[in-house]
Amino acid sequence: MFFKEIRFFYILILQIVPVLSVFGQNNQAFPVFHYTYSIDIVHPVSLKKDQVKGQAFHIETPHLFLCRTPVYHAKGAPFEEEDAGSREVVITDSVSYFQTFIWEKNAAKGHVFRKGLPPAVVDVSTELKQALPFFEGLLEQPDLVLSSFEKAGEGQLLTERYVFKEKKELSDPDSILLYFDRNLNDMKPSISERLDKEKGMKLFKVKIIHNAYHQSGVEIPVRVFEFAWQRSIAVKKEAVEGVLEEYNRFVQK
């Protein structure tokens, strides 16, 4: 079940890089939060272990967000094809094109600019969930139980380990580690708004561990998925004035 979700990363791997607001003074600096992910995968044909890595930047401004998303090129047959099981899909670092999302702060709708297509209105929340790699539903599984926890930094940091009461499939995770930091409560991006509220601390990192197992005479190696946010260096708006001018030309038509 869970392993099947990795198919998405063989075909289309996305990163989000939100940047600066068109509003504010030129010398104004905006807070930046850096997102990184690494996902161990096993190719279904050769059983070769590979790793998908990426990063994103979220910059909050008074009025506007901008997200630039590179779409990576993958060689091979898509999994939807009938012969997909006999062909290998190779992950590459070659960017096919960029798509750019721009929306006003707190707005449900925004605009997306894609290569070769006219600008379109999209639901921001839905689009960003699809573009930002994370298995959100995994944290909502009802049969996850707390195995252990550890506090540090005078109560500012919390680490929790969860396990399944009973694994339904061999490919399900063996343990899930959640990392919370009260010092990041000002961070707008959220891995889980529910857990942020329940703990009164920001969930800033998730590590998903799959132990090695045998299936149909084949050994599947240990796999680790890691997703994390961290505070980064503030930036100014001059870096993206070009793309913001394009946005202004469109909305002013």
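The values are calculated or read from the model by the stated rules, or taken from the named source; none is laboratory data. Since this is a predicted model, take the numbers as computed values, not measurements. Please note: Cβ atoms are built from the backbone with ideal geometry, for glycine as well, and neighbour counts cover all protein chains shown.
Given the criteria hydroxyl-bearing (Ser, Thr, Tyr), surrounded by fewer than 15 Cβ atoms within 10 Å (Cβ to Cβ) and in a strand (DSSP E or B), does residue 125 qualify?
So residue 125 fails the test.
In contact with a His (Cβ under 7 Å, 6 or more places away or on another chain), over 28 Å from residue 59 (Cβ atoms), modelled with pLDDT under 85 and not polar (S, T, N, Q) - does that describe any residue in the range 98-108?
The answer is no, given that none of the residues of the range 98-108 is in contact with a His (Cβ under 7 Å, 6 or more places away or on another chain), over 28 Å from residue 59 (Cβ atoms), modelled with pLDDT under 85 and not polar (S, T, N, Q).
Results for (1) modelled with pLDDT of 85 or more; (2) of a type in the set (A, V, I, L, M, F, W, C), shown as yes or no for each residue.
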position	(1), (2)
67	no, yes
80	no, no
91	no, yes
114	no, no
137	no, no
144	yes, yes
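Collect the residues in the range 193-209 that are touching a helix residue (DSSP H, G or I) at 6+ places or on another chain (Cβ under 8 Å), assigned to a strand (DSSP E or B) and more than 15 Å from residue 156 (Cα to Cα), keeping them in residue-number order.
Those that are touching a helix residue (DSSP H, G or I) at 6+ places or on another chain (Cβ under 8 Å), assigned to a strand (DSSP E or B) and more than 15 Å from residue 156 (Cα to Cα): 206, 208.
Pick out, from the range 1-65, the strands (runs of 3 or more DSSP E) lying fully within it that include 1 or more residues that are touching a helix residue (DSSP H, G or I) at 6+ places or on another chain (Cβ under 8 Å) and either of a type in the set (Lys, Arg) or modelled with pLDDT under 50 (or both).
In the range 1-65, the matching strands (runs of 3 or more DSSP E) lie at 17-19.
So which residues in the range 196-225 are over 13 Å from residue 171 (Cβ atoms) and buried (at least 17 other Cβ atoms within 10 Å of the Cβ), if there are any at all?
Listed by number, the residues that qualify are 196, 201, 202, 203, 204, 205, 206, 207.
If I filter the range 145-155 for residues that are in contact (Cβ under 8 Å) with a residue 12 or more places away in the chain and surrounded by 17 or more Cβ atoms within 10 Å (Cβ to Cβ), do I get at least one hit?
No, the range 145-155 contains no residue that is in contact (Cβ under 8 Å) with a residue 12 or more places away in the chain and surrounded by 17 or more Cβ atoms within 10 Å (Cβ to Cβ).
Exactly one condition in (1) closer than 22 Å to residue 32 by Cα; (2) surrounded by fewer than 11 Cβ atoms within 10 Å (Cβ to Cβ) is not met by residue 189; state its number.
Among (1) closer than 22 Å to residue 32 by Cα; (2) surrounded by fewer than 11 Cβ atoms within 10 Å (Cβ to Cβ), the lone unmet condition for residue 189 is (2).
Is there a residue being at pLDDT below 95, assigned to a strand (DSSP E or B) and within 27 Å of residue 139 (Cα to Cα) anywhere in the range 176-187?
no
For the range 147-154, indicate whether the set of residues that are on the phi < 0 side of the Ramachandran plot and touching a His at 6+ places or on another chain (Cβ under 7 Å) is non-empty.
No, the range 147-154 has no match at all.
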